[in-house]
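S.K.: Take a look at the following structure, please.
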Amino acid sequence: MTEGRNPILTYLQAISDGLRSEMREDERVLLMGQDIGVFGGAFKVTDGFIEEFGVDRVMDTPLAESGIVGTAVGAAVVGMRPVCEMQFADFVSCGFDQIINVAAKMLYRQGLPVNITVRLPSGGGFSGGPFHSQNPEAWFMHSPGIKVVAPSTAQDAKGMIIASIRDPNPVVFMEHKNLYRRIKGEVPEGSYETPFKARVAREGSDLVVITYGAMVHRALEATEDLDDAEIMVLDLRTLKPLDEQAILAAVRTCSKVVIVDEANETCAAGAQVAALIAEHGFEDLDGPIVRVASPDVPIPFSPPLEEAVLPSVDRVREACRQLLEY
Amino acid sequence: MATSSTAARTGPNTPSDSLPAHLTLDDRVGLLRAMLLMRTLEERAMNLYRQGKVPGSFYDGFGQEAVSVGAAWAMAAVDRLCVLHRDLGAHLVRGVQPDRILSQYMGREDGITGGRDGNVHFGDYRTGCVGMVSMLPDMMLVATGMAMAFKLRGEQRCALTCFGDGSTSRGDFHEAMNWAGVQKLPVIFVLENNQFAYSTPTHQQYAVNPIERAQTYGFPGVSVDGNDAEAMFEATSVARVRALEGGGPTLIEAVTMRMHGHAAHDDMKYVPKALFEEWRKKDPIDRQSARVAAHGVDVEALKTEVRDQVEQAAATALAGPMPEPESATERVFHPRDADEILLEDGAAPWSGFVTSSEGHRSR
């Protein structure tokens, strides 16, 4: 991104900026999580918040993920707008029941919307091991009543955290840990929303790589200079609901599709994208849908093992090259 | 009337001669009426179930009417409740209409969930109640969260949640008790000890009575005769005042007995006959009937009136439509531009609220 009049923020600073902006605008917004107050959060997303907003609105909770989500649901239905932080996305398994059975089904069953946002620091690439590296977004995509978003840029991270808080439904906000300090960009000041729609990260017409989160950057790197091919990268940004129009339009333009997930392959977000294209974009295809994802193994700790599992620049590039030659 | 757990479990079913100062005769009749309405509605629903008009299975609170009726009677309009499947009485006290409840059981469009969920799996947000889910006791945390919001905003309100003896084994019981204790929240936990979780007796559920555990979370636990609506009212009132004064949560163990099976299909062969017979003598409706009859109230006339009301409700519900199949995929997400929907105030019939108008205070 070129330097403009807006400040350059990291992806992490952009999330902080969005949270701060929305807390200033809306006194109903309440942050809840483990070590988010005095300590400022395990990743420092809420560093300094307690000084500005106080202990009531930047709540250090007991170590209880089900408790965090369950009490957030209660606070939401009496008019608060809680934003829950799971210290790592992996720990949301301990709060899963409250999201799936209480929050997600409340509106459908009894007409009562549950406005909560659950932030999930997700993803691997730094030897976090099997319990600090997962990408659990598909768990929530499969459960009706939850929106799932996964921004890849600093600008979108801010706009989407604000949009998530304002959305009257439960929103699971996937924030990739590997983007926190590695990705920077120009971020508009003040309050703005990024719509829950896909974004073309780079135009192209020979092949489209459809992906989201950290893999957007991997896809851009892998296809930057690939045998002079014009390669589109489509950043899904929102996984539930999927931006079906944008996906099918990209297939119409490019006819060749590579789908990249950092998540484990079976029933990943990309599997749903592949199914959508097979059902509704088949006539536009000029080759098989190709998927690149982590194999169905826990994310291992040791660097050579983890590198063998997560989709690499080389794997993405090779997949594209083979499909271009098809 | 809150007693030690031993006394509550063996307490005699003798009517009290004196009117408690805080309950007028109208209140006492109101308690009886709500219990009668709950029992008569559930009997009618069981009848509809046997006729094949209630899909799935059917769950009721036969014998436990005093717990939810007595507890809900103590709650103000601005208070909020999470109600369990054997607590239909709480919904009635808060103002849910009987025909909508029968429609709910039959999966009809005019039921509270419009056919999206069955039996007492509902909450009418217009009465300040959040419906339960089957995963027990998830709603303990939701009630704790409501109480947390009240405290953060400095409001004079509290939340109440019911759950069973089986629920005390799950992690959410611990998380809610601990959270509420740490933050000293205005929440009332009503543990309905009805002796069995499906077929599992309490001695296979816990080694230490949850009442004793309450103090280890930093707040009191009291054991109450759960078959006495007035005892339930009083214990809940005390807990509510304590909550509003900033004293924090209370755990109330309502000692009662599930007098029907877990659901309509359950023959209860695992319940010892002697235990069942012992509890049959402690019927909460008989007890309250004797109390008000001693003050000249015509209980038989009241029963006839309630029966007529239920028959009318059944006629209305049976005439109502089933939901449109196309509607099955609607209302999964709330539109951004739609009005905000929050829990609203429910009815609060206790004379103490009506005269002080506390029950009608807006937020």
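S.K.: Compute the label zone of residue A:60 within the stretch B:155-183: residues whose backbone N is under 18 Å from the point 7 Å along Cα-to-Cβ.
M.R.: Under cut-off, by backbone N: B:179-183.
S.K.: Expressed as a whole number of Å, what is the distance separating the alpha-carbon centroids of the stretch A:275-326 and the stretch A:207-265?
M.R.: After rounding, the separation between the Cα centres reads 11 Å.
S.K.: Using the crude model of +1 on Lys and Arg Cβ and -1 on Asp and Glu Cβ, and no other charge, please compute the dipole size for the protein assembly as shown relative to its Cα centre, in debye to 20.
M.R.: With Lys and Arg at +1 and Asp and Glu at -1, about 1620 debye.
S.K.: Describe numerically, in nm with one decimal, the distance between label points set 7 Å from Cα along Cα→Cβ at residue A:101 and at residue A:47.
M.R.: 3.9
S.K.: Another one. Inside 10 Å of the C-beta atoms of A:97-104, what's the mean count of C-beta atoms belonging to other chains?
M.R.: Mean partner shielding for this stretch: 4.
S.K.: Across peptide B:128-140, what mean number of C-beta atoms from other chains lies inside 10 Å of a residue's C-beta?
M.R.: On the way: counts 2, 2, 9, 6, 1, 8, 1, 5, 0, 1, 8, 4, 4.
Mean number of neighbouring Cβ atoms from other chains: 4.
S.K.: If you count, for every residue in B:152-161, the Cβ atoms of partner chains within 10 Å of its Cβ, what is the mean?
M.R.: Working: counts 6, 7, 1, 1, 0, 1, 0, 2, 0, 1.
Average neighbour count from other chains, rounded to a whole number: 2.
S.K.: Can you give the FRET efficiency for residue A:245 and residue B:215, using 1/(1 + (r/R0)^6), R0 = 56 Å, r = Cβ-Cβ distance, to the nearest 0.05?
M.R.: Efficiency at R0 = 56 Å is approximately 0.40.
S.K.: Across bins of 10 angstrom width beginning at 0, how are the C-alpha pair distances of the stretch A:148-207 distributed, in whole percent?
M.R.: 20, 49, 25, 5
S.K.: Excluding same-chain residues fewer than 8 positions from residue A:197, which aspartates and glutamates have a Cα within less than 16 Å of its Cα?
M.R.: List returned: A:156, A:167, A:235, A:243, A:244.
S.K.: Treating only the Cα positions of the stretch B:196-332 as identical point scatterers, give the base-10 log of I(q)/I(0) from the Debye formula at each q in 0.16 Å⁻¹.
M.R.: The calculated log intensity ratios at q = 0.16 Å⁻¹ are -1.11.
S.K.: What is the Cα radius of gyration of the stretch A:199-324 over 2.2 N^0.38 Å, N being its residue count?
M.R.: Expressed relative to 2.2 N^0.38 Å, the Cα Rg reads 0.99.
S.K.: Only helical DSSP H runs with n ≥ 4 go in: add -39500 (n - 2.57) per run for chain B, normalise by residue count and round the 222 nm mean residue ellipticity to 500 deg cm²/dmol.
M.R.: -12500 deg cm²/dmol
S.K.: Check cross-link reach from residue B:269 to the lysines: straight Cα distance under 27 Å, and skip same-chain residues fewer than eight apart.
M.R.: B:53, B:281, B:282
S.K.: FRET efficiency for residue B:337 and residue A:8, Cβ-Cβ distance as r, R0 = 35 Å, nearest 0.05?
M.R.: Rounded to the nearest 0.05, the efficiency is 0.55.
S.K.: Something else about it: Quick one: Cα centre-to-centre distance for the stretch B:95-144 and the stretch B:278-332, in angstrom?
M.R.: With the stretch B:95-144 and the stretch B:278-332 each reduced to a Cα centre, they are spaced 16 Å.
S.K.: On alpha-carbon atoms, Rg over Rh for the protein assembly as shown using Kirkwood Rh?
M.R.: Here the Rg-to-Rh quotient is 1.04.
S.K.: Going by Cα centres, the stretch B:204-221 and the stretch B:244-276 are how many Å apart?
M.R.: After rounding, the separation between the Cα centres reads 16 Å.
S.K.: Highest mean first, what order results for A:79-89, B:83-93 on Cβ atoms within 10 Å? Display every interim value, and only then the final one.
M.R.: Numbers: A:79-89: 23.5, B:83-93: 27.6.
Output ranking for A:79-89, B:83-93: B:83-93, A:79-89.
S.K.: Quick one: work out Rg over Rh on the C-alpha atoms of the stretch A:8-186, Rh as Kirkwood radius.
M.R.: Numbers: Rg = 14.8 Å, Rh = 15.9 Å.
Result for the stretch A:8-186 is an Rg/Rh of 0.93.
S.K.: Still on this structure, please answer the following. Using the per-residue mean of other Cβ atoms lying within 10 Å as a proxy for protection, in what order, highest first, do the peptides B:342-349, B:295-302 fall?
M.R.: B:342-349, B:295-302
S.K.: Could I ask something else about it? Compute the orientation-averaged projected area for chain A from the convex hull of its Cα atoms and round it to one decimal in nm².
M.R.: Averaging across all directions leaves 16.2 nm² for the Cα convex hull.
S.K.: Also, quick follow-up: What does the charge dipole of chain B about its Cα centre add up to, to the nearest 20 debye, if the Cβ of each Lys and Arg holds +1 and the Cβ of each Asp and Glu holds -1? Each step should come with its number before you reach the end.
M.R.: Details: 36 positive and 47 negative charges, 115 e Å.
That gives chain B a dipole magnitude of about 560 debye.
S.K.: Run through every distinct alpha carbon pair of chain B and return the Kirkwood hydrodynamic radius in angstroms, one decimal place.
M.R.: Every distinct Cα pair counted, the radius reaches 20.6 Å.
S.K.: Among the lysines, which have Cα under 19 Å from the Cα of residue A:105 when same-chain residues fewer than 8 positions away are ignored?
M.R.: List returned: A:147, A:240.
S.K.: Select from A:316, B:342, B:48 the residue farthest towards the positive end of the dipole of the protein assembly as shown; place +1 on Cβ of Lys and Arg, -1 on Cβ of Asp and Glu, and compute about the Cα centre.
M.R.: Value: B:48.
S.K.: So, counting K/R as plus one and D/E as minus one, what does the shell of residues with Cβ under 10 Å around residue A:271 add up to? Present the calculation step by step, with values, prior to reporting the outcome.
M.R.: Numbers: positive: A:291; negative: A:261, A:265.
Net local charge, residue A:271 excluded: -1.
We did not get these values from a lab; they are worked out from the coordinates using the rules stated. As the structure is a prediction and not an experimental result, all values here were calculated from the model. In this analysis, Cβ positions are derived from the backbone assuming ideal geometry, glycine residues included, and neighbour counts consider all displayed protein chains.
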